[in-house]
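Heads up: the structure comes next, in structure tokens.
Values in this text are rule-based calculations from the coordinates and carry no lab data. From a predicted model like this one, the values you see are computed outputs, not experimental measurements. In this analysis, Cβ positions are derived from the backbone assuming ideal geometry, glycine residues included, and neighbour counts consider all displayed protein chains.
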Amino acid sequence: MTMTLGHFIYIPGILLLGGIVGYVLGARAAEAARERAAERDERRAAREARRRASTD
């Protein structure tokens with residue numbers, strides 16, 4: 001089985017493309033997780049403020 005010049009270009013190119021796509025998708029997922037955590041923290045703070053206001 002012979003490896004043509006196309007293999008030496010195609011295979012690393014596909015690996016590079018996969019790395020780029022994975023980086024972009026991972027960055028988006030991380031940003032979405034940060035947003036969810038911030039929203040959760042805001043809701044928790046509002047809930048605690050309401051609880052403190054009702055006990056005073």
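Observations on the structure shown:
- Rounded to the nearest 20 debye, dipole of the chain from Cβ charges on Lys, Arg, Asp, Glu: 340
- Dipole orientation for the chain: of the candidates G18, L5, A53, A53 has the Cα lying most toward the positive pole (charges on Cβ; Lys, Arg +1; Asp, Glu -1).
- For the chain, fraction of C-alpha pairs farther apart than 15 Å, in %: 70
- For the range 22-33, 3J(HN,Hα) computed residue by residue from phi via the Karplus equation (6.51, -1.76, 1.60; θ = phi - 60°) reads x, 5, 5, 5, x, 5, 5, 5, 5, 5, 5, 5 Hz, glycine and proline entered as x.
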